[in-house]
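*Asks:* Quick one: structure below, then a few questions.
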Amino acid sequence: MSLIAQPQTMHFEAALPLQSGASIAGYQLAYETYGTLNERRDNAVLICHALNASHHVAGRYEGQDRSEGWWDNMIGPGKAVDTNRFFVIGVNNLGSCFGSTGPMHQSPATGQPYGADFPVVTVEDWVMPRPDCWTDWASTSWPPSWAAAWVACRRSVGPSNTLSACATPW
């Protein structure tokens, strides 16, 4: 039986200072979760994508048979990242076209789409919004942008394990 994925968004009002010197306020991050967060909140696994994928890492969307997540063969009940055991979080990057605030979204300052005026974002910018999410979810594993995230947030998150892999062997 395939997981049914449910896209969600988390909204942040406070301005996020970016590495470029710009900032962005009133932004949202798209995400999906799979499995159940345990009472101790220590079974969370954050699955990050490289540069071009979305937060849809596993399962399929209701009524869309060919909508499997990009790591569906690895995440789910009885799979390598077992959702009977782990609470799995897939978070989309700021600036992407998959639901998180990006160039196609409306700028609060102008009321028009950001377009080319969307601020430049870096890997460090992608992980900086996440401590709020991580504090809520108590995540303990975060590939592949783990280095920037762990250095920036190690006091609030605690120990972490990392795994970085490609979907298909070379």
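*Asks:* List the pairs whose first member sits in the stretch 18-29 and is more than 12 Å from residue 101 (Cβ to Cβ), whose second member is small (Gly, Ala, Ser) and surrounded by fewer than 16 Cβ atoms within 10 Å (Cβ to Cβ), and whose Cβ atoms are under 8 Å apart, counting only residues at least 6 apart or on separate chains?
*Replies:* Pairs found: 23/15.
*Asks:* Would you be able to say whether some residue in the stretch 70-87 is at positive phi and in a loop (DSSP other than H, G, I, E, B)? Please lay out each step first, then the result.
*Replies:* At the first step, the residues of the stretch 70-87 found to be at positive phi are 76, 78.
From what is left, the residues that are in a loop (DSSP other than H, G, I, E, B) are 78.
Within the stretch 70-87, one or more residues are at positive phi and in a loop (DSSP other than H, G, I, E, B).
*Asks:* Okay, moving on. If a residue has to be open to solvent by 20 Å² or more (accessible area, probe 1.4 Å) and of a type in the set (A, V, I, L, M) to count, how many in the stretch 82-130 make the cut?
*Replies:* Total meeting the criteria: 7.
This table checks each residue for (1) under 30 Å from residue 109 (Cα atoms); (2) in contact (Cβ under 8 Å) with a residue 12 or more places away in the chain.
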site	(1), (2)
5	no, yes
40	no, no
47	no, yes
55	yes, yes
58	no, yes
71	no, yes
86	no, yes
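For (1) at pLDDT below 90; (2) loosely packed, with under 13 Cβ neighbours inside 10 Å; (3) in contact with a Pro (Cβ under 8 Å, 6 or more places away or on another chain), each residue gets a yes or a no:
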site: 13; (1), (2), (3): yes, yes, no
site: 43; (1), (2), (3): yes, no, no
site: 53; (1), (2), (3): yes, no, no
site: 59; (1), (2), (3): no, no, no
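Conditions tested, residue by residue: (1) modelled with pLDDT of 95 or more; (2) in a loop (DSSP other than H, G, I, E, B).
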residue: 90; (1), (2): no, no
residue: 93; (1), (2): no, yes
residue: 99; (1), (2): no, yes
residue: 104; (1), (2): yes, yes
residue: 110; (1), (2): no, yes
residue: 126; (1), (2): no, no
residue: 133; (1), (2): no, no
residue: 143; (1), (2): no, yes
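*Asks:* In addition: If you scan the stretch 1-47, which residues turn out to be of a type in the set (Ser, Thr, Tyr) and assigned to a loop (DSSP other than H, G, I, E, B)? Walk me through it before giving the result.
*Replies:* Start the filter on the stretch 1-47 by keeping residues that are of a type in the set (Ser, Thr, Tyr), which leaves 2, 9, 20, 23, 27, 31, 33-34, 36.
Hits for the stretch 1-47 are 2, 20, 36.
The values are calculated or read from the model by the stated rules, or taken from the named source; none is laboratory data. Here the structure is a predicted model, which is why all the values come from computation and not from measurement. Virtual Cβ from ideal backbone geometry, glycine too; neighbours counted across all protein chains shown. With ligands, DNA and RNA removed, areas are computed over all heavy atoms of the protein, side chains included. Shrake-Rupley method; radii C 1.70, N 1.55, O 1.52, S 1.80 Å.
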